[in-house]
């Protein structure tokens with residue numbers, strides 16, 4: 001074995017490679033769909049794609065953290081719904097101010113994440129099982145709290161503007177990008193800063209890379225794991241607020257299935273399911289790929305059922321690519 | 001002596017079923033390289049794990065610089081200035097060198113939760129300069145060679161201002177030049193007054209680098225001597241000690257039996273190097289060696305569990321291209337893993353299913369229907385023949401004792417009609433009584449004409465059971481001894497024969 005190390009910069013990092021591939025795929029999708037249909041590149045359609053990305057994207061940001069730790073969170077979809085319902089109850093049934101409702105919604109998401117974290121870190125229950133349990137618990141609670149009916153925000157018109165108002169439209173007339181999209185980008189920037197610049201981000205990678213090494217280095221791995229799941233729950237809470245605001249209602253039956261699209265977005269963007277690797281930029285690109293694909297297929301009049309088949313297949317391909325990369329690496 | 005940093009006295013530690021340490025004693029002085037020696041299972045690693053807070057001790061006391069201390073956690077050891085570099089490096093491959101070194105105590109900037117990456121890299125660079133090490137703090141650890149990764153671990157240990165540095169088999173994965181580099185760093189540290197505990201099986205190396213040697217055996221302290229004052233032979237006899245043997249069993253004359261298995265020039269990466277040997281019918285071939293000698297790797301290669309780079313396996317005079325365990329079974333080779341729980345038995349299934357598992361096609365009728373009457377009678381037969389203690393053949397294997405689990409696996413291979421059985425540590429984790437039953441069974445099998453390869457780390461077991469002994473070291477066969485000529489000393493000598501010193 002020769003003592004040689006590849007000089008810096010000559011080696012494209014695994015996840016960076018996947019990011020480049022994913023970005024390339026996104027561009028290809030755009031080119032193909034815009035050639036196939038003149039409607040695709042319309043401003044309104046692009047806004048539609050952005051809007052569709054916002055909710056799934058925020059969920060994907062959150063789940064990126066747990067996946068990098070080598071864990072998983074299957075409950076993000078129904079926790080999102082739970083947060084939406086809780087927000088709805090606070091604002092419409094208790095008639096409390098909108099900001100308070102939003103805050104309680106975010107906290108509900110974080111609380112669910114905290115419970116996930118406690119169960120996983122303290123009781124040593126595998127994340128897959130623990131969060132599968134939370135998926136059903138949150139789903140059930142959402143139904144119970146809402147009384148099985150959708151909650152409409154008719155008494156608080158301000159709530160709808162959180163997602164559907166447009167700050168950009170107010171500045172540049174006609175440039176009406178919904179706030180939901182801006183919130184998503186803002187959340188992505190914050191998530192990226194947390195992941196790359198803070199202690200929490202560093203330990204997120206450390207847990208996924210070699211948890212035992214982190215523990216032996218004096219890192220309180222349980223505490224940080226709980227923190228990561230709580231953060232993921234917080235993002236689910238934010239997604240809940242956004243989706244409720246966008247639909248101007250909290251739909252208690254919604255939510256399940258969202259987790260798979262979000263996990264798919266993270267994986268397509270180069271976050272490794274075996275932990276230690278991933279980036280927010282990649283997840284954002286991944287989220288756009290999924291919503292662009294769904295949008296484009298709809299424009300091409302591909303039936304909804306088939307859209308689901310295609311996205312499912314793409315997730316499997318993305319995971320396979322991840323495995324191939326690592327086998328070589 | 002006033003420069004004693006660590007003094008451990010009367011340390012005991014037991015695990016369920018094993019007394020790992022019964023009388024641990026260790027004295028370490030600052031500015032010395034102190035080798036800790038002993039056979040596998042002598043208690044070296046356990047003693048050091050007690051010192052570094054990984055295992056709590058059952059009793060005994062530890063003095064650090066003359067003060068009695070308790071070391072309940074790895075963190076406590078670190079705070080005292082005691083660091084350990086494990087055989088399996090504890091690094092995070094996805095993080096950079098600098099991020100690894102400062103994990104858990106990163107310098108922060110301004111806001112308390114924001115990392116100061118520049119500071120992390122700068123401090124790492126200073127550390128490397130001090131060690132005269134050429135390494136970029138921003139390199140990802142996963143991209144480095146094992147040798148460099150080890151340097152990262154050493155740098156990390158030093159960054160804690162460690163005064164005691166424990167290295168567990170540090171040179172095992174290194175090349176000659178890399179070992180030279182490591183020794184240079186070790187000597188530098190010694191100059192600075194760091195006390196270094198050096199655990200290694202490589203005796204020549206210890207003569208080269210260590211000042212003193214402490215030998216352990218069976219969880220006990222044996223002696224501490226100056227490296228210059230003893231020969232390697234003397235160290236070896238301290239390690240093996242005097243063991244009283246029971247009367248040697250009759251060794252059947254198998255030399256002129258036909259050869260059932262021949263392995264020629266087997267190679268696989270760095271773990272198997274040009275291994276060749278023969279196995280006769282009815283023979284028990286003991287394979288001795290220290291941990292990491294490549295014995296299990298050879299067994300797995302013959303069994304088709306791992307691919308080989310080159311070499312031939314000849315079964316009953318015919319070339320056998322074994323590419324998978326299925327191929328091996330077809331050629332009549334069975335492998336009993338050292339890790340029964342993971343590879344050997346389906347613990348959640350019952351005795352009957354386990355026994356039938358390797359030869360299910362024998363029990364199949366039309367359309368894959370399992371002939372349960374036949375599996376039942378076969379299982380009953382082996383339960384009786386092997387004296388497996390189980391309430392019924394329907395009992396789950398998990399609920400049996402280690403020895404009986406082992407017998408079930410033997411029954412499985414006998415059902416599959418295997419003529420060549422490879423036992424990897426057949427008595428590990430089995431209590432003494434069950435051991436002698438397994439021994440009896442091995443002897444019976446060999447007298448029935450089965451050929452057995454027995455890998456064992458216990459020299460008394462090798463000497464008691466084998467008809468012939470093969471010794472391995474670092475992936476090579478370093479010697480072959482007829483049982484009449486085999487002694488613990490000779491085996492140990494061969495087992496520590498490193499390539500470069502041949």
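Do we find that residue A:244 is assigned to a helix (DSSP H, G or I) and touching a strand residue (DSSP E or B) at 6+ places or on another chain (Cβ under 8 Å) in this structure? Spell out how you get there, then give the answer.
Numbers: assigned to a helix (DSSP H, G or I): yes; touching a strand residue (DSSP E or B) at 6+ places or on another chain (Cβ under 8 Å): yes.
Yes, satisfied.
Take residue A:53 and decide whether it is crowded, with 19+ Cβ neighbours inside 10 Å, in contact with a helix residue (DSSP H, G or I) (Cβ under 9 Å, 6 or more places away or on another chain), in contact (Cβ under 8 Å) with a residue 24 or more places away in the chain and within 17 Å of residue A:294 (Cβ to Cβ).
Numbers: crowded, with 19+ Cβ neighbours inside 10 Å: yes; in contact with a helix residue (DSSP H, G or I) (Cβ under 9 Å, 6 or more places away or on another chain): yes; in contact (Cβ under 8 Å) with a residue 24 or more places away in the chain: yes; within 17 Å of residue A:294 (Cβ to Cβ): yes.
Spelling it out, residue A:53 is indeed crowded, with 19+ Cβ neighbours inside 10 Å, in contact with a helix residue (DSSP H, G or I) (Cβ under 9 Å, 6 or more places away or on another chain), in contact (Cβ under 8 Å) with a residue 24 or more places away in the chain and within 17 Å of residue A:294 (Cβ to Cβ).
Of the residues making up segment B:136-151, those that are more than 16 Å from residue A:213 (Cα to Cα), touching a strand residue (DSSP E or B) at 6+ places or on another chain (Cβ under 8 Å) and within 8 Å of chain A (Cβ to nearest Cβ) are B:138, B:139.
Pick from segment B:93-104 the residues that are part of a loop (DSSP other than H, G, I, E, B) and within 7 Å of chain A (Cβ to nearest Cβ): which of them is nearest to the chain's Cα centre (by Cα)?
Within segment B:93-104, the first condition is being part of a loop (DSSP other than H, G, I, E, B), and the residues that meet it are B:93-95, B:102-104.
Filter again for within 7 Å of chain A (Cβ to nearest Cβ), leaving B:93-95, B:103-104.
Values: B:93: 24, B:94: 27, B:95: 29, B:103: 29, B:104: 30 Å.
Checking each candidate, the answer is B:93.
Considering each residue of segment B:74-88 in turn, none proves to be over 21 Å from residue B:45 (Cα atoms) and either within 30 Å of the chain's Cα centre (by Cα) or more than 9 Å from chain A (Cβ to nearest Cβ) (or both).
Inside segment A:92-109, residues that are surrounded by fewer than 22 Cβ atoms within 10 Å (Cβ to Cβ) and in contact (Cβ under 8 Å) with a residue 60 or more places away in the chain make up a count of 5. Of the residues in segment A:220-230, not one is at pLDDT below 95, facing chain B (nearest Cβ under 8 Å) and at negative phi.
For the subset of segment B:59-72 comprising residues that are assigned to a loop (DSSP other than H, G, I, E, B) and surrounded by fewer than 15 Cβ atoms within 10 Å (Cβ to Cβ), which member is farthest from the other protein chains (Cβ to nearest Cβ)? It would help to see each step written out before you state the result.
First, the residues of segment B:59-72 that are assigned to a loop (DSSP other than H, G, I, E, B): B:65-66, B:70-72.
Applying the additional criterion that residues be surrounded by fewer than 15 Cβ atoms within 10 Å (Cβ to Cβ) yields B:66, B:70, B:72.
Numbers: B:66: 26, B:70: 17, B:72: 13 Å.
Here the residue is B:66.
Of everything listed in (1) facing chain A (nearest Cβ under 9 Å); (2) modelled with pLDDT under 90; (3) over 14 Å from residue A:219 (Cα atoms), the single unmet condition for residue B:129 is (1).
Would you mind stating whether residue B:39 is assigned to a loop (DSSP other than H, G, I, E, B) and outside the structural domain of residue B:402 (by TED's automatic domain parsing)?
Working: assigned to a loop (DSSP other than H, G, I, E, B): yes; outside the structural domain of residue B:402 (by TED's automatic domain parsing): yes.
Yes.
Yes/no matrix, rows are residues, columns are (1) without any contact (Cβ under 8 Å) to a residue 40 or more places away in the chain; (2) in contact with a strand residue (DSSP E or B) (Cβ under 7 Å, 6 or more places away or on another chain):
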residue	(1), (2)
A:181	no, no
A:187	no, no
A:192	no, no
A:199	yes, yes
A:204	no, no
A:208	no, no
A:213	yes, no
A:217	yes, no
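When residue B:118 is tested against (1) part of a helix (DSSP H, G or I); (2) within 11 Å of chain A (Cβ to nearest Cβ), only condition (2) is not met.
The values are calculated or read from the model by the stated rules, or taken from the named source; none is laboratory data. From a predicted model like this one, the values you see are computed outputs, not experimental measurements. Heads up, the Cβs are rebuilt from the backbone with ideal geometry, glycines too, and the neighbour counts pull from every protein chain shown.
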